[in-house]
Amino acid sequence: MSPEDPQPLASDTARMLEIGIALWSVALVVCLLVPDLHQGDRAWWPWTCAAGMAGGGLSLLYIRRGRGNAAGAHLPARSQPPADGPTSGT
């Protein structure tokens, strides 16, 4: 007897992107407020935060415009198994 195959967890992709952008924004503010985090060899750190925010923003636009994983962007907490059971890959 084999255990049932685990089902993938559904996630709210747009919400995860919003949280990621917010975290990059906090990191940028911290980098700019603490001089040691944006001077000398660490001058690239604020640009990394800005790139993270820009990448997240573009991804959020992509998802919200109905492309990418947009069909699954607002799923329930756990996805339901297919009605006709598992299918073989052969």
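The values are calculated or read from the model by the stated rules, or taken from the named source; none is laboratory data. Computed from a predicted model, the values in this text were never measured in an experiment. For neighbour counting, all protein chains shown are included, and Cβ atoms are generated from backbone atoms with ideal geometry for every residue, glycine included.
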Which residue pairs have Cβ atoms under 7 Å apart, sit 6 or more places apart or on different chains, and have a first residue in the stretch 17-31 that is surrounded by 14 or more Cβ atoms within 10 Å (Cβ to Cβ) and a second that is in a helix (DSSP H, G or I) and among the polar types (S, T, N, Q)?
Leu17/Ser59
Could you grab me the full set of residues in the stretch 50-76 that are among the small types (Gly, Ala, Ser) and modelled with pLDDT under 85?
Gly66, Gly68, Ala70, Ala71, Gly72, Ala73
Tell me which of these Met1 doesn't satisfy, since it passes every other one: (1) at pLDDT below 90; (2) surrounded by 13 or more Cβ atoms within 10 Å (Cβ to Cβ); (3) among the aliphatic types (A, V, I, L, M).
(2)
Selection from the stretch 1-54 of residues assigned to a loop (DSSP other than H, G, I, E, B) and under 23 Å from Arg65 (Cα atoms) yields Ala10, Ser11, Asp12
Would you confirm whether or not the stretch 77-87 contains a residue that is at pLDDT below 90, out of contact with any Pro (no Cβ under 6 Å at 6 or more places or on another chain) and either farther than 30 Å from Gln7 by Cα or hydrophobic (A, V, I, L, M, F, W, C) (or both)?
yes
Identify the single condition in (1) surrounded by fewer than 15 Cβ atoms within 10 Å (Cβ to Cβ); (2) more than 20 Å from the chain's Cα centre (by Cα); (3) without any contact (Cβ under 8 Å) to a residue 12 or more places away in the chain that His38 does not satisfy, given that it satisfies every other one.
(1)
